[in-house]
1. Using only Cα atoms, find the angle between the long axis of helix 24-33 and the longest principal axis of the chain, and express it within 0 to 90 degrees, rounded to the nearest 10.
2. Just to confirm the number: angle between the C-alpha axis of helix 87-125 and the first principal axis of the chain, 0 to 90 degrees, nearest 10?
3. With the full set of protein chains in place, find how many percent of the accessible area of the chain is carbon and sulfur; take the probe as 1.4 Å.
4. What residue among Gly36, Gly28, Gly19 shows peak mean-square fluctuation when the chain is described by a Gaussian network model with Cα springs under 10 Å?
5. GNM, the chain, Cα, under 10 Å: largest mean-square fluctuation among Asn43, Asn86, Asn18?
6. Using a Förster radius of 35 Å, what is the FRET efficiency between Leu90 and Gln123 based on their Cβ-Cβ separation? Nearest 0.05, please.
7. Please give the per residue accessible area of region 56-132, computed with a probe of 1.4 Å over protein heavy atoms only, in Å².
8. Relative to the longest principal Cα axis of the chain, at what angle does helix 55-69 sit, 0 to 90 degrees, rounded to 10?
Amino acid sequence: MNLQTQRMLGQQSTAEFNGLHVDALQIGQINEMRQGPEIRRKNNCIVNTGGKLTREEVERRRKEHRAKFEVAEDVWTSIVLPRPDNPLVLLDRKREELKSLAKELDDVVARIAAIEQMESLDQVTGTKRPRE
């Protein structure tokens, strides 16, 4: 989850965004355009080349980001995330699908065996049948 967030933001450090409701893709587009000799990237993400940020610096950046990028509360509170299926129900579905695929495979193997048996009988009797 953290790696995906870093990719969306376009930077490795996410501390300055903790607790904010922002559009990560918007910030990612801005970071994508940032160029210069002081900008170092790793896997297309900006990485910190200086020392560790102080708590005060992180808070200062967080305030800047809140003013620039924070999404309105009515927008982020209206977002409804889908609830994941119950893992046990999903597992049962996968087991049923596996049983169905195994039955289908058995049917195909049986049909191949029947065709091979007919071909071997044809070789013994010397008759030729058209292929299906």
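1. Helix 24-33 and the main axis of the chain meet at about 70 degrees.
2. Between helix and principal axis, roughly 30 degrees.
3. Details: 6290 of 11450 Å².
Whole-percent figure for carbon plus sulfur exposure: 55.
4. Gly36
5. In the Gaussian network model the winner is Asn86.
6. On the way: r = 49 Å, r/R0 = 1.41.
Taking R0 as 35 Å, the efficiency between Leu90 and Gln123 is 0.10.
7. Values: 7370 Å² over 77 residues.
Per-residue accessible area for region 56-132 comes out at 96 Å².
8. Once rounded, one gets 70 degrees.
The values are calculated or read from the model by the stated rules, or taken from the named source; none is laboratory data. The shown structure was predicted, so the numbers you read here are calculated from the model rather than taken from an experiment. In this analysis, Cβ positions are derived from the backbone assuming ideal geometry, glycine residues included, and neighbour counts consider all displayed protein chains. Side chains included, ligands, DNA and RNA excluded: accessible areas come from the protein's heavy atoms. Shrake-Rupley method; radii C 1.70, N 1.55, O 1.52, S 1.80 Å.
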